[in-house]
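Student: Mind having a look at this structure? Questions to follow.
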């Protein structure tokens, strides 16, 4: 039976130990991802936004088990990736792919392009040997690369073309799910549009599911169906694109949206400017993690972590500005998760 | 996203139809830069000269290396004996030419052996990290605690003189340095994005090491190999000089030097020529090594 949800992430945590040369002391951790849950429907795109250092990249890498999971579940088509052995995981790898942020460093400088794209195709025996060349050529053409570049090396390409190579490498494996980790932030704007459109065309054609990680809200608005907003290792607001953009509920989302530049100079922007820096993820603030910078901070924010709760259909927020559940027992596990 | 061919592109294509595209690889780029470095080229030339001497020693050398012509003993350099002769009347030029054969081939063998052992251990330590890394590195520390020459001498003392024994001694004593260098080179590329991305496409462990990590640290390794060649030749000469390397009458440079040292005051040429051979060879390898470093990483300069 086909499950509607291709990826279900439940209470994902990723802590990196901070090395301290103090014997007998308690170890401290960088809580890069602290209790993140979300679901992606088949064939849709989820945008994950947040400022740098909020853990969005780590979410992507832990989902693919490029980094090990500290706690929580990652259900890919019902299989918990967090628990799979390396061997089984490798067999599953072709189904979920990743496009990296920097097209300059993510291509091995000592391999010709055809080899970069085709390496894993051969490794996982995606197509029979006799069709290998024509298959790679087709993938390259699909991604807007000329097949005669097969023997060229990455340094001969521009940023946009390199990102096309990265996309071709991912797409060549016939994946169902692709994590795009800021795939366009290293490119200039005109190229960004080309790459985004390429990705959307490929989605239409092959039905990929994307997790699109970015800090650029206008890009995310263009490509996503749902949006998750992350702050300091937590998702603070999540919902349908329209709902989030039309009615941002969390103060952090509001301030992010207010920062998106508008192309009309006559429109007056009402920017909500946040003060201060993001607190250290080693020692996050008590209660609501955003309270140190929140324009609407209240007394309760320091005492209790807000519950992540659905207020509109498919639109959830974690903030004390909105009525919290009376039923305290439901909140308990969530709170404990944050304190640990 | 299909690209429309503009007239300009069409014209370009027509003009260049059938021509092969020049592929520029990182290796070619490095060679291009190396060619402009005169010191490195000089080093390369000396090495090539030594190599020719080594390969064609039988044709170049006018005498056999062990041939003793008593009538010609103690001759200073002259037309018949370019480098003079030693106390047994052996032609020093012939001996030095044959010496190149020993020094280069043994040096190369030592370098290969230490790469296969120490280098591989270092790569494994760097790639797997954690406990494996700790185990291998502490083992190497143990060896490194003993001075290199001392370690080599003790090994030959235990195993005796001879070619395989000397290769073993040098390999073991250079293992710690080489493994640490290889480990560092691997650690350098381990967290590179392209390694991460090939992990994401499910490239296997060994393929990752041999196709992604080692090729990408080959620059560092080539430099290291060349440097190590010089150091190994030096070490061989030292061991032979100390009498714990090869047995006479092998025309090893260190051994020739050792044979001549008793006559140093009266016949300095017996010491001078083998020394010069050692000096130029090591110098050449170092010059080439430096040049390679600059060629592979132009940012260093």
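Student: Looking only at the stretch B:188-203, count how many residues are over 12 Å from residue A:66 (Cβ atoms) and facing chain A (nearest Cβ under 7 Å).
Tutor: Number satisfying all stated conditions: 3.
Student: Something else: So, of the residues in the stretch A:141-160 that are away from chain B (no Cβ under 12 Å) and assigned to a helix (DSSP H, G or I), which turns out to be nearest to residue A:61 (Cα to Cα)?
Tutor: Per the criteria, the residue is A:159.
Student: Among the listed residues B:125, B:71, B:145, identify the single one that is more than 30 Å from residue B:190 (Cβ to Cβ) and over 22 Å from the mean Cα position of the chain (by Cα).
Tutor: Residue meeting the stated conditions: B:71.
Student: Further question: Which numbered condition trips up residue B:53, out of (1) within 30 Å of residue B:224 (Cα to Cα); (2) loosely packed, with under 14 Cβ neighbours inside 10 Å?
Tutor: The one condition residue B:53 does not meet is (2).
Student: List the number of the failed condition for residue A:179; all other conditions in (1) more than 9 Å from chain B (Cβ to nearest Cβ); (2) at pLDDT 90 or above hold.
Tutor: Every condition holds for residue A:179 apart from (1).
Student: If you don't mind, another one. Examine the stretch A:97-106 for a residue that is part of a loop (DSSP other than H, G, I, E, B), surrounded by fewer than 21 Cβ atoms within 10 Å (Cβ to Cβ), free of Cβ contacts under 8 Å to residues at least 24 places away in the same chain and within 8 Å of another protein chain (Cβ to nearest Cβ), and state whether such a residue exists.
Tutor: The answer is yes, given that some residue of the stretch A:97-106 is part of a loop (DSSP other than H, G, I, E, B), surrounded by fewer than 21 Cβ atoms within 10 Å (Cβ to Cβ), free of Cβ contacts under 8 Å to residues at least 24 places away in the same chain and within 8 Å of another protein chain (Cβ to nearest Cβ).
Student: Return the residues of the stretch A:62-94 that are within 10 Å of another protein chain (Cβ to nearest Cβ) and touching a residue at least 40 places away in the same chain (Cβ under 8 Å); say none if nothing qualifies.
Tutor: A:64, A:67, A:93, A:94
Student: Oh, and also: Would a scan of the stretch A:187-210 turn up a residue that is part of a loop (DSSP other than H, G, I, E, B) and within 29 Å of residue A:282 (Cβ to Cβ)? Reasoning before the result, please.
Tutor: Quick first cut of the stretch A:187-210, residues part of a loop (DSSP other than H, G, I, E, B) only: A:187-188, A:207-208.
Of the ones still in play, those that are also within 29 Å of residue A:282 (Cβ to Cβ) are none.
Scanning the stretch A:187-210, I find no residue that is part of a loop (DSSP other than H, G, I, E, B) and within 29 Å of residue A:282 (Cβ to Cβ), so the answer is no.
Student: Among the residues of the stretch B:94-106, are any part of a loop (DSSP other than H, G, I, E, B) and in contact (Cβ under 8 Å) with a residue 40 or more places away in the chain?
Tutor: Filtering the stretch B:94-106 down to residues part of a loop (DSSP other than H, G, I, E, B) leaves none.
The answer is no; no qualifying residue exists.
Student: In this structure, is residue B:233 closer than 21 Å to residue B:169 by Cα, surrounded by fewer than 23 Cβ atoms within 10 Å (Cβ to Cβ) and modelled with pLDDT of 85 or more?
Tutor: Answer is no for this residue.
Student: If you don't mind, there's one more thing I want to ask. Kindly indicate whether residue B:170 is buried (at least 19 other Cβ atoms within 10 Å of the Cβ), away from chain A (no Cβ under 14 Å) and modelled with pLDDT of 85 or more.
Tutor: yes
Student: Is there a residue in the stretch B:213-230 that is more than 29 Å from residue B:282 (Cα to Cα), at the interface with chain A (Cβ under 8 Å from one of its Cβ atoms) and free of Cβ contacts under 8 Å to residues at least 40 places away in the same chain?
Tutor: No, the stretch B:213-230 contains no residue that is more than 29 Å from residue B:282 (Cα to Cα), at the interface with chain A (Cβ under 8 Å from one of its Cβ atoms) and free of Cβ contacts under 8 Å to residues at least 40 places away in the same chain.
Student: All but one of (1) under 25 Å from the mean Cα position of the chain (by Cα); (2) within 9 Å of chain B (Cβ to nearest Cβ); (3) more than 18 Å from residue A:194 (Cβ to Cβ) hold for residue A:117; state the number of the condition that does not hold.
Tutor: Among (1) under 25 Å from the mean Cα position of the chain (by Cα); (2) within 9 Å of chain B (Cβ to nearest Cβ); (3) more than 18 Å from residue A:194 (Cβ to Cβ), the lone unmet condition for residue A:117 is (2).
The values are calculated or read from the model by the stated rules, or taken from the named source; none is laboratory data. No experiment lies behind these values; they were computed from the predicted model shown. With ideal geometry, Cβ positions are generated from the backbone for all residues, glycine too; neighbour counts draw on all protein chains shown.
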